[in-house]
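The values are calculated or read from the model by the stated rules, or taken from the named source; none is laboratory data. Everything quoted here is computed from the prediction, not taken from an experiment. Glycine gets a Cβ as well: all are built from the backbone with ideal geometry, and neighbour counts include every protein chain shown. Ligands, DNA and RNA are stripped out before the accessible areas are found, and what is left, the full protein with its side chains, is counted by its heavy atoms. Shrake-Rupley method; radii C 1.70, N 1.55, O 1.52, S 1.80 Å.
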Amino acid sequence: MAASPRKLQKIADRESEAAIRNLQRGYPERALVSSSKALEAVRQLREAEPEDVDHTLALASVLYNHAAFLAASGTPAEGVRAARTSLALYESLLPDSSAEGVAALVHHSSRQAVLRPQWPTALEVAMWAADVKARLCPLLAEAEGPSASGEIHRLGREAVALYAQVVRVLPEQEEGLGRVEEQYRRALDLLGEPA
């Protein structure tokens, strides 16, 4: 008998928290085991209720973290695959994931939040997608080295550009800009390129 959606959500939450704690304590293999359990629970949730957008968001989020746990466990190529799947899920929820479409989201973000206060907004999803792009940069540098330089530059520039636009409208997102810039710089360091 399959677990109920409520039980699956509890498993996903518990295992996701355990994965983060294990990584913070220096146990990447344990983190990966917990993350794998969370991932399986969220996949089952999404299969049980495919129309629920929250499950798609949860799967994208768990995959984003799972990518980091894979890299910390010495398998950055698998981390790249997890992060790419996360990015595809986030982008599937955006009305227009092109650079121009995202720029329009930023431009209209304040007005959209007032007119249609919903969670998450398309802008939030675009920011999460930018975070995944930034995480992909060092993962690609570790997994593929200089052969991924073009993709790393494209992803890094897109992530930084999005957050730079967001900060103009929402200055409280300055930390997010710093986070994606740091990921991009880390990738360039791994490639031996100047920042």
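Quick notes on this structure:
- The stretch 127-195 - Kirkwood radius from inverse mean 1/r over Cα pairs (Å): 11.7
- Probe 1.4 Å - accessible area at ARG46, Å² to nearest ten: 80
- Candidates SER73, SER35, SER86, ranked by Gaussian network fluctuation over the chain, Cα under 10 Å, top entry: SER73
- Choice from SER147, SER61, SER16 showing the highest fluctuation, given a GNM over the chain with Cα pairs closer than 10 Å: SER147
- The listed residues VAL53, VAL80, once ranked by accessible area (1.4 Å probe) with the largest placed first, stand as VAL53, VAL80.
- Theoretical FRET efficiency, 1/(1+(r/R0)^6), r = Cβ-Cβ of GLU174 and ALA2, R0 35 Å, to 0.05: 0.20
- Carbon + sulfur, % of accessible area of the stretch 35-88 - ligands and nucleic acids excluded, 1.4 Å: 49
- Our note on the geometry: Cα centres of the stretch 119-195 and the stretch 1-54, 25 Å apart.
- The candidate values were (1) 1.00; (2) 1.60; (3) 1.05; the one computed from these coordinates for Cα Rg over 2.2 N^0.38 Å carries the label (3).
- Label-zone membership for the stretch 162-181, site LEU94, 7 angstrom Cα→C-beta point, backbone N under 12 Å: 162-163
- Dipole magnitude for the chain: about 400 debye, using +1 per Lys or Arg Cβ and -1 per Asp or Glu Cβ, origin at the Cα centre.
- Computed FRET value (nearest 0.05) for ALA48 with GLU182, which takes r as the C-beta separation and R₀ as 41 Å: 0.65
- Pairwise label distance in nanometres, LYS10 with SER147, each label 7 Å out on the Cα-Cβ vector: 4.7
- Helical runs assigned H by DSSP (4 residues or longer) give the chain a calculated mean residue ellipticity at 222 nm of -27000 deg cm²/dmol, each run adding -39500 (n - 2.57) before division by the residue total.
- In the full protein context, the stretch 1-85 carries 56 Å² of accessible surface per residue, based on a 1.4 Å probe and ignoring ligands, DNA and RNA.
- Among PRO28, PRO76, PRO50: highest mean-square fluctuation, GNM of the chain, C-alpha pairs under 10 Å: PRO50
- Per-residue extension of 0.36 nm, minus the Cα-Cα distance of ALA161 and ALA195, leaves a gain of 10.7 nm for this segment.
- Range of Cα positions in the stretch 1-54 per principal axis (Å), largest first: 37, 24, 14
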